[in-house]
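Report on the structure given below.
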Amino acid sequence: MAIKEVFPNPTVKQVIFQIRFPNLFMMERLIGDYQVKIMAEFPRSALLLRRGVLIADVGSRAQLENIAEDANNMASVKIWNFKSEKGTDLNVHTDSLDISSTLHKTYSNPKEDNRFRDTIEHTVGEFLKITQIPKLTRIGLRYIDECPVPAKETQAFQKYYNTTFPLKRFPVENALNMTFEARVKKGDRYLRFAESFEDVEGKLKFILDFDGYAEGVLASEYLTVADELHELISEEYGASIKEPVREYMRRKKGKKV
């Protein structure tokens, strides 16, 4: 069942939306026009440069001056970074655009003002108007949830989650870390699901990671596809948790499990 409720203390720690497209050689010429369109929401900006990694043979015959020259000649990848006052990050590459947020509590609930869908619609919509990209190679939506662990006990853990872990064979009491990952096709869409548990010196961490994506999408359909991916992820999240987790999310932050 998809999650419709907006919780004051949600487990989601980060949500990421991304579009990919063929490399745009005109990006440097267009980025200024795009910046003006999103400046009200993303007033902080920076140009980031990322270099590739040079792996060189530094044996006895290697010419160190040639290695240094090769390193200097390596192309830098430009990333145009924009930040909102509330902490949402927007990165534009020559072949992709991604939005990352740690503050949104809802995707599209009409009763809430701060909806992630609105941010997607504004930033991606303006980008597509300026670039006139006809087709996207990939659209992705990812949710990373850091979930409560009531105790390092199998019975307690199973009261909270419909886990994929083989707990009869490897009980929680004995676990230092466990990971499960699956990649599946749901109609025309794809989902990568990962579940991980870790005990680091008594500190328990349980992560649910949902990465939904679609390939070869018409640019005009980006928002419809984003909605479908959100619904897919929401259903899988709803199938992964039980009522005690919902009760935990209804509490104010700071209260213990």
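The values are calculated or read from the model by the stated rules, or taken from the named source; none is laboratory data. Only a predicted model underlies this, so the values are computations on that prediction, with no experimental measurement involved. Reconstructed Cβ throughout: ideal geometry from the backbone, glycine too, with neighbour counts over all protein chains shown.
None of ILE120, ILE139 is modelled with pLDDT of 95 or more, of a type in the set (Val, Ile, Thr) and assigned to a helix (DSSP H, G or I) except ILE120.
Scanning the stretch 96-126 for residues that are small (Gly, Ala, Ser) and in contact with a strand residue (DSSP E or B) (Cβ under 6 Å, 6 or more places away or on another chain) yields SER96, SER100, SER101, SER108.
The residue that is nearest to the chain's Cα centre (by Cα), counting only those in the stretch 1-22 that are of a type in the set (S, T, N, Q) and modelled with pLDDT of 95 or more, is GLN14. For the stretch 61-69, the criterion of being in a loop (DSSP other than H, G, I, E, B), farther than 30 Å from ARG115 by Cβ and either touching a Ser or Thr at 6+ places or on another chain (Cβ under 9 Å) or modelled with pLDDT of 95 or more (or both) is satisfied by no residue at all.
Annotation: of all residues in the stretch 23-42 being under 22 Å from the mean Cα position of the chain (by Cα) and within 18 Å of THR119 (Cα to Cα), the one that is surrounded by the most Cβ atoms within 10 Å (Cβ to Cβ) is PHE42. If the condition is being part of a strand (DSSP E or B), exposed (fewer than 15 other Cβ atoms within 10 Å of the Cβ) and more than 20 Å from the chain's Cα centre (by Cα), then the stretch 188-210 contributes VAL200, LYS203. Out of (1) touching a Gly at 6+ places or on another chain (Cβ under 7 Å); (2) modelled with pLDDT of 95 or more, what's the single condition that is false for THR94? Just one mismatch for THR94, condition (1). Checking the stated criteria, GLU181 turns out to be in a strand (DSSP E or B) and under 22 Å from the mean Cα position of the chain (by Cα). Restrict the check to the stretch 90-100 and report whether at least one residue is among the small types (Gly, Ala, Ser) and not in a strand (DSSP E or B). No. In the stretch 93-106, the residues that are of a type in the set (A, V, I, L, M, F, W, C) form Cβ pairs under 8 Å with partners that are crowded, with 18+ Cβ neighbours inside 10 Å and part of a loop (DSSP other than H, G, I, E, B), at six or more places apart or across chains, as follows: ILE99/THR88; LEU103/THR88.
Can you tell me how many residues within the stretch 1-25 are of a type outside the set (Gly, Ala, Ser) and assigned to a loop (DSSP other than H, G, I, E, B)? Selection size over the stretch 1-25: 15. Tallying residues that are surrounded by 15 or more Cβ atoms within 10 Å (Cβ to Cβ) and not in a helix (DSSP H, G or I) within the stretch 211-240 yields 5. Looking only at the stretch 87-113, residues that are basic (Lys, Arg) and within 16 Å of PHE17 (Cβ to Cβ) come to 1 in all. Out of (1) closer than 21 Å to ASN9 by Cβ; (2) crowded, with 17+ Cβ neighbours inside 10 Å; (3) free of Cβ contacts under 8 Å to residues at least 24 places away in the same chain, the odd one out for GLU243 is which? Here GLU243 clears every test but (2).
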